[in-house]
Amino acid sequence: MSYFGPARLTRLHYSLKTFFMNQFLILVRGSDHSVLSPEQTQKRMELFGEWVQNVLTGRYVAGAPLEDTDARLLTSKNEVLTDGPFLESKEMISGYFIISANDIGEATELTKQCPLLGQFRLEVRRLKPM
């Protein structure tokens, strides 16, 4: 059997295509973690996982929720401006994820299908290539 069989070539092509797509940072704004029961939190994570599997189909790069505590805002090497959280709860960044998409329009359309939308505000930002 050839090392470069049809299935392997298809996966390789898809991997390369995804690699060369633009990446977008999705900021999850708002905070309601403290009002959810463990069961509600688990259900939210299940719905998010299903969205990643079924809608993003290999376009999910990374992501994580952020802790509500243990945050610092630095203004210089010597000055810590504030102990967190830093903003009103509706503006607070609760987490982030990074997805691959062709352009901002496609990233927006994919994000519109995210089950977190409605419970949180989602901000879509293109990452600059480095």
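Every number in this text was worked out from the coordinates using simple rules, so none of it is lab data. If you're wondering where the values come from, they're calculated on a predicted model, not measured in any experiment.
Over segment 22-126, what lengths in whole Å, largest first, do the semi-axes of the equivalent ellipsoid take, defined as the square roots of 5 times the eigenvalues of the alpha-carbon gyration tensor?
26, 19, 11
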Residues whose placed amide H lies under 5 Å from that of residue 93, excluding near-sequence neighbours: 30
HN-Hα J in Hz across segment 102-112 - Karplus 6.51, -1.76, 1.60, θ = phi - 60°, x for Gly and Pro: 5, 7, 4, x, 5, 4, 5, 5, 5, 5, 4
